[in-house]
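Have a look at the structure below, then the notes.
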Amino acid sequence: MASRIRLEDRECPLSTTVQHVGEWWTLLILHDAFDGYTRFDQFQESLGISSSMLTTRLKTLVEDGLLERRPYQTNPVRHEYVLTELGHSLRPVIVTLAAWGNSRLPAAERSMILVDAHSGQEVEPVVVDARTGRRLDDSDDYVFAAGPAASDAMRGRYATRQGSPAQKA
């Protein structure tokens, strides 16, 4: 998937993230892993994915450090796929993607919703700034700016943005 990333985007965190999780099956496999699936046959049955595609996707998820392959049976040897800490850290992203999809559907057409495990009440996930608690969905209040490791091209991209912190620096 790296070949789909433009050379100038290799430093962009969005581009590099999409390289790891931007493939259709990858997100669905991770979703199943968050639901507790760990075994090849569980993923295959849940997703209706071909063995070869699932093998490829699981191998990539292990190589990317999102899943860990562990033996659970010795004769014959069989493995399970367990979320790593890095894999677990993607849960808020997937929850937010699902919530975005649900927000475009009438309530009666939602096949899956996020609920509080204790109360059973539906929750609406939002992305907020950890420091202030403010929602990040306002593109007037929150903008991207060049970071400390930004190349000249990246700095140029954000320096031309009116009112950006990069322009004021």
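The values are calculated or read from the model by the stated rules, or taken from the named source; none is laboratory data. This is a predicted model, so every value here is computed, not measured. Counting neighbours? That spans all protein chains shown, and the Cβs are built from the backbone with ideal geometry, glycine included. The area values use the complete protein model at the heavy-atom level, side chains included, leaving out ligands, DNA and RNA. Shrake-Rupley method; radii C 1.70, N 1.55, O 1.52, S 1.80 Å.
Exactly one of these conditions fails for ALA99: (1) under 21 Å from CYS12 (Cα atoms); (2) open to solvent by less than 70 Å² (accessible area, probe 1.4 Å); (3) modelled with pLDDT of 85 or more; (4) not in a loop (DSSP other than H, G, I, E, B). Give me its number. Failing condition for ALA99: (1).
Identify all residues within region 136-153 that are without any contact (Cβ under 8 Å) to a residue 12 or more places away in the chain and open to solvent by less than 100 Å² (accessible area, probe 1.4 Å); write none if there are none. Give the derivation first.
Of all residues in region 136-153, those without any contact (Cβ under 8 Å) to a residue 12 or more places away in the chain come to 136-141, 147-148, 152.
Once the filter is applied, which keeps residues that are without any contact (Cβ under 8 Å) to a residue 12 or more places away in the chain and open to solvent by less than 100 Å² (accessible area, probe 1.4 Å), region 136-153 yields LEU136, ASP138, SER139, ASP141, GLY147.
Only residues that are open to solvent by less than 70 Å² (accessible area, probe 1.4 Å) and out of contact with any Phe, Trp or Tyr (no Cβ under 7 Å at 6 or more places or on another chain) were counted in region 63-78, giving 5. Restricted to region 120-135, and to residues that are part of a loop (DSSP other than H, G, I, E, B) and open to solvent by less than 70 Å² (accessible area, probe 1.4 Å), which residue is modelled with the highest pLDDT? Selected residue: GLY120. When region 63-82 is filtered for residues that are of a type in the set (Asp, Glu) and not in a strand (DSSP E or B), the ones remaining, listed by number, are GLU63, ASP64.
In this structure, SER15 does not satisfy being among the small types (Gly, Ala, Ser), open to solvent by 80 Å² or more (accessible area, probe 1.4 Å) and at pLDDT below 80.
When GLY156 is tested against the conditions (1) open to solvent by 70 Å² or more (accessible area, probe 1.4 Å); (2) more than 28 Å from LEU28 (Cβ to Cβ); (3) without any contact (Cβ under 8 Å) to a residue 12 or more places away in the chain; (4) not in a loop (DSSP other than H, G, I, E, B), the lone failure is (1).
LEU105 meets the conditions (1) farther than 22 Å from LEU30 by Cβ; (2) in a loop (DSSP other than H, G, I, E, B) in every case but one. The failed one is (1).
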